[in-house]
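Here's the structure, in structure tokens; my notes come after.
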Ligand SMILES: NC(=O)c1ccc[n+]([C@@H]2O[C@H](COP(=O)([O-])OP(=O)(O)OC[C@H]3O[C@@H](n4cnc5c(N)ncnc54)[C@H](OP(=O)(O)O)[C@@H]3O)[C@@H](O)[C@H]2O)c1
């Protein structure tokens, strides 16, 4: 289905929320981009437009998740809908449906694997037919990890003639906190699993997003361990449950260029010795109550500008071969990973979708855009990708 002509390149839906506002603030300075801000309240959109200093004539689109006709009308007007209206399992499906029906590309910040699997089962074939690329997880989950493994495997294959069968994603450093929207999304996932325990395999299996394909048993990354090869203790990582699934989905969608035997996990590196061990055990315990036992921030709330600006992340990828050869690769980013960096990442994903053609389907940033997105993120969004040795 032809995607042009469309009135807009990108519509930012959820522009009145914590993350959507940051995205709009980022896009307002992109010369030549035809974009609009969308949300359920015109008055709130006007207020946010003025607050972020966007031009007075920035087009505003009223659309409500409860009103499918408004979503359908929005999807028809643009090449890409960038949505930060979450939790996606509460508000997301009618928009996915409208984009699929109209061959409109879509990108979101979803880290809700059960809902994603349901959308794959329901819409992947329809999206293939209409040409819509439904691109989930364009935030901290999972772009640095999805693209980090993609780039590591590209360099490993060039250097050693074959992809690494074992890859470790290891967070070396990170500074950032949660928003209300993310807290709400995590709580919704837990509620869904309590209500529908039969959906648990989608959450628990590393292959929950690759219907019909199950690879080898994966390292769980759930128990603190000492990693000899990196001389450090390693602790469980909160985003691993979603990122590992997206890495396997990218491999699956690309036709398994990294093999059907890939083993991949993600952990956080602490340090060597007793101190590193205690830190790893502390992180493992903290995972059991990610919001410190409290309710977490409310929707619309999130880190301050100072917190966003002083944040950063640094992730190491280690590709290992059975004979001991290995390749080290890193992905680093400025700003806090969840919001300052995420708003730039999803905005660049949306722009890349307007520039790079590809087949429709329910996809990942890695499978849909790959190196084209790496280039945009390096050039515009404060990320760096590099071979370390
Ligand atoms: N993966 C990542 O790295 C990452 C990072 C950040 C956020 N996220 C995800 O992004 C999502 C948004 O987070 P956030 O902190 O920005 O949330 P938020 O501040 O609560 O914003 C939610 C947005 O959704 C809108 N909304 C709610 N109900 C709606 C409806 N019925 N129709 C239309 N719009 C509706 C809100 O509009 P009003 O302003 O009118 O209430 C608001 O614009 C969450 O799912 C979160 O998990 C992921």
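Bear in mind these aren't lab numbers, they're just calculated from the coordinates by the rules spelled out. Note that the coordinates shown come from a computational prediction; the quantities given were computed from them, not determined experimentally. No Cβ is skipped: glycine too gets one built from the backbone with ideal geometry, and neighbour counts run over all protein chains shown.
Cα centroids of the stretch 234-257 and the stretch 95-122: how far apart, whole angstrom?
Their Cα centres are 18 Å away from one another.
Need one number: % antiparallel among DSSP beta bridges in the chain, to the nearest 5.
Numbers: 29 of 57 bridges.
Roughly 50 percent of the beta bridges in the chain run antiparallel, per DSSP.
Tilt of helix 340-355 relative to the longest C-alpha principal axis of the chain, in degrees (0 to 90, nearest 10)?
Computed tilt is about 70 degrees.
Express the relative contact order of the stretch 270-389 as a whole percentage, based on alpha carbon pairs under 8 Å and six or more residues apart in sequence. It would help to have the intermediate numbers written out before the result.
Numbers: 115 pairs, mean separation 27.5, N = 120.
Once divided by the residue count of the stretch 270-389, the mean separation gives 23 percent.
For the chain, just list the percent of Cα-Cα distances falling in each 20 Å bin from zero outward, please.
Spelled out bin by bin, the chain gives 29, 60, 11, 0 percent.
Rg and Dmax of the stretch 129-271 over Cα atoms: what are they, in angstrom?
My reading of the Cα-based Rg and Dmax gives 16.1, 50 Å.
Helix 273-286 versus the longest principal axis of the chain: what angle, 0 to 90°, nearest 10, using Cα atoms?
40 degrees
For the stretch 73-195, what does the relative contact order come out to in percent, with C-alpha contacts under 8 Å and a separation of six or more?
Working: 133 pairs, mean separation 31.7, N = 123.
Once normalised by length, the contact order is 26 percent.
Could you list 142, 229, 310, 70 so that the one with the fewest beta carbons within 10 Å of its beta carbon is first and the one with the most is last? Before the final figure, lay out the partial values.
Details: 142 29, 229 10, 310 15, 70 18.
Ordered from fewest to most neighbouring Cβ atoms within 10 Å, 142, 229, 310, 70 come out as 229, 310, 70, 142.
Rounded, prolate or oblate for the stretch 5-117? Axes are the square roots of the Cα gyration tensor eigenvalues, ordered a ≥ b ≥ c, and the cut-off for rounded is a/c under 1.5. Working shown, then result.
Values: a/c = 1.66, a/b = 1.38, b/c = 1.20.
Prolate, since a/c reaches 1.5 and a/b exceeds b/c.
Rank 107, 220, 244 by mean-square fluctuation in a GNM of the chain with C-alpha springs under 10 angstrom and give only the top-ranked residue.
Result for the chain, Cα springs under 10 Å: 220 fluctuates most.
Rg to Rh ratio, the stretch 298-345, alpha-carbon atoms and Kirkwood radius?
Details: Rg = 15.9 Å, Rh = 12.7 Å.
Value, to two decimals: 1.25.
If you fit an axis through the alpha-carbon atoms of helix 113-130 and take the longest principal axis of the Cα set of the chain, what angle between them do you get, 0 to 90°, nearest 10?
The angle comes out near 60 degrees.
At a threshold of 8 angstrom on Cα-Cα distance, excluding pairs fewer than six apart, so keeping six or more, what relative contact order does the chain reach in percent?
Values: 835 pairs, mean separation 83.3, N = 389.
After rounding, I find 21 percent.
What FRET efficiency comes out for residue 162 versus residue 214 if R0 is 25 angstrom and r is the Cβ-Cβ distance? Round to the nearest 0.05. Walk me through the numbers before you get to the answer.
Working: r = 22 Å, r/R0 = 0.88.
So, using R0 = 25 Å, E works out to roughly 0.70.
Per 0.36 nm of contour for each residue apart, how much would the distance between residue 355 and residue 301 grow if the chain were fully extended, relative to their Cα-Cα spacing? Numbers along the way, then the final one.
Values: separation 54, 0.36 × 54 = 19.44 nm, distance 3.28 nm.
Extra length from residue 355 to residue 301 when fully extended: 16.2 nm.
Please arrange 312, 317 by counting, for each residue, the other beta carbons lying within 10 Å of its beta carbon, fewest first. Intermediate results must be reported in sequence, preceding the final value.
Working: 312 18, 317 29.
By the 10 Å Cβ count, ascending, the order reads 312, 317.
Quick check on the stretch 201-308: what does the Kirkwood estimate of hydrodynamic radius come out to from the alpha carbon pairs, in Å? Walk me through the intermediate numbers first.
Details: mean 1/r = 0.0625 Å⁻¹.
16.0 Å is the Kirkwood radius here.
Most exposed first by the Cβ proxy, i.e. fewest other Cβ within 10 Å, how do 41, 205 rank?
Working: 41 13, 205 17.
Starting with the residue having the fewest Cβ neighbours, the order is 41, 205.
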